[in-house]
1. Test D294 against the stated conditions and say whether it is acidic (D, E), exposed (fewer than 15 other Cβ atoms within 10 Å of the Cβ) and at pLDDT 95 or above.
2. For the stretch 139-148, indicate whether the set of residues that are surrounded by fewer than 21 Cβ atoms within 10 Å (Cβ to Cβ) and either of a type in the set (F, W, Y) or in contact (Cβ under 8 Å) with a residue 60 or more places away in the chain (or both) is non-empty.
3. Those residues that are loosely packed, with under 15 Cβ neighbours inside 10 Å and either in contact with a Lys or Arg (Cβ under 9 Å, 6 or more places away or on another chain) or free of Cβ contacts under 8 Å to residues at least 12 places away in the same chain (or both), I need them from the stretch 316-348; list them, please.
4. Six or more apart or on different chains, Cβ atoms under 8 Å: show the pairs whose first residue is in the stretch 361-390 and in the same structural domain as R347 (by TED's automatic domain parsing) and of a type in the set (A, V, I, L, M, F, W, C) and whose second is in a loop (DSSP other than H, G, I, E, B) and surrounded by fewer than 15 Cβ atoms within 10 Å (Cβ to Cβ).
5. Output the qualifying pairs, or none if there are none: Cβ atoms under 6 angstrom, residues six or more apart or on different chains, first residue in the stretch 410-426 and under 19 Å from I198 (Cα atoms) and among the aromatic types (F, W, Y), second residue modelled with pLDDT of 95 or more and not in a loop (DSSP other than H, G, I, E, B).
Amino acid sequence: MEMNRKSLLALVILATSPLFVQTASAQLHLEIAKAPDAAPKIAIVPFSTDQTIYPIVENDLNHSGRFTSASQGLPTTAELSQINADSWKNANIPYVVVGKVTALDANTNQIHYQLYDVNNQKYLLNEVLTAPTSRTRQAGHAISDAIYQALTGVPGSFSGRIAYVLRNASTPDKRYTLQIADTDGERPFTVLSSHYPILSPTWTPDGKQLGYVSFETKRPRIYLQDLSTGQRQVLTHYQGLNGAPSFSPDGKSMLFTGSMDGNPDIYQMNLATHAIERLTNDSAIDTEARYAPDGKSFIFTSDRGGSPQIYRYNFADGSSKRLTFRGSFNARSTLNADGSKLAMVSRQSGSDYKIAIQDLNSGVVSILTPTTLDESPSFSPNGQMVVYATQEGNRGLLSIVSINGQFRMNLPSEQGEVREPAWAPK
């Protein structure tokens, strides 16, 4: 059976989008901080003639927050199309993944894998894909995505990437580095190194470019960098603030915070002409704008009501409506892919800053994190996870939490503090 279109598309994108690399970077390491109380078991049986792909799939699914991998005491009958349902049922394992890797030549592998539903005694997936040996890791993530979708009905996000800023005081000449890694922390690469701060990395909707704020001229400027060539351009260098870039869903415009007219407000730039338009005009501070997925509005932070809260600006009539009312501080907001949920940094009481999610239909607010110095939330493309930066003890690290708060894992760096995460679009 041919590989499903979504997984195939993921491999095509990975194969045709080379990443511009300056230097290899410090590794991020996954640490499970909280596991769900009960999750279905899934067994990833070692693939025949392979010791590389199945550990990637097992690791992905074990870190999904939806499954628990079962790798001990597996029944012995687990070859392709030879699964003994009774033995797996007796082991209390409802799902089994088996596979085989065949070398077609020195540079290409054929991967045949199956997902078996033990209780219903049927194959949910039975797929064959071909992948270059140099992209074995990407193939493993694509298989994980397909399995996750088959079992949950939601596309997986294991093939994705996360951009972040690493601050390492021990390397003063390159104290700040803008990096990109797989969602499991593997394959980290440096996009930009600087002695000066780098802030607010933001992906273009096609995932081929990154916008960010750099202080390399000792004043904030917004840059746009192509990830395949490394070429970059300055988008804004106005007097005063130039910050918090956000790209429109069609890739034609950018929102940013500027103060060239005297007060921090939200501006929109036409990326073809670089013409700008002032969208908010209030005596308060308006900042951190993010386009809604449909491009018809954007959310932003403003203290126009006396404390930082989240508002929505409507392009049709230029009106602004307050969205958050619970808590004395709500900022750094972002929307999930369908625009139904809002993730933000929230202070409900005292001095604790936590990641919260607000359902925009019901208004219900849920606090997701147990930590107290959280910032910069970013949704996974499938909306099931949120990555954010936090502080635990003396470590500045990234964490990923499920939207129900039942699963959380940390991504500390081998060196330095990790901040400002941004999950790449689908």
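The values are calculated or read from the model by the stated rules, or taken from the named source; none is laboratory data. The model shown is predicted, which means the values in this text are computed figures rather than measured ones. Virtual Cβ from ideal backbone geometry, glycine too; neighbours counted across all protein chains shown.
1. Yes, satisfied.
2. Initially, the stretch 139-148 is screened for residues surrounded by fewer than 21 Cβ atoms within 10 Å (Cβ to Cβ), giving none.
No, that holds for no residue.
3. Let us first name the residues in the stretch 316-348 that are loosely packed, with under 15 Cβ neighbours inside 10 Å, namely 316-319, 321-322, 325-326, 328, 338, 340.
Within the stretch 316-348, A316, D317, S319, K321, R322, S328 meet the criteria.
4. V365/R326
5. Final answer for the pair search is W423/I162; W423/S378; W423/V387.
Each row is one residue, and each column tells you yes or no for (1) modelled with pLDDT under 95; (2) assigned to a helix (DSSP H, G or I).
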site	(1), (2)
S157	yes, no
A163	no, no
A169	yes, no
D173	yes, yes
I180	no, no
R187	yes, no
G207	no, no
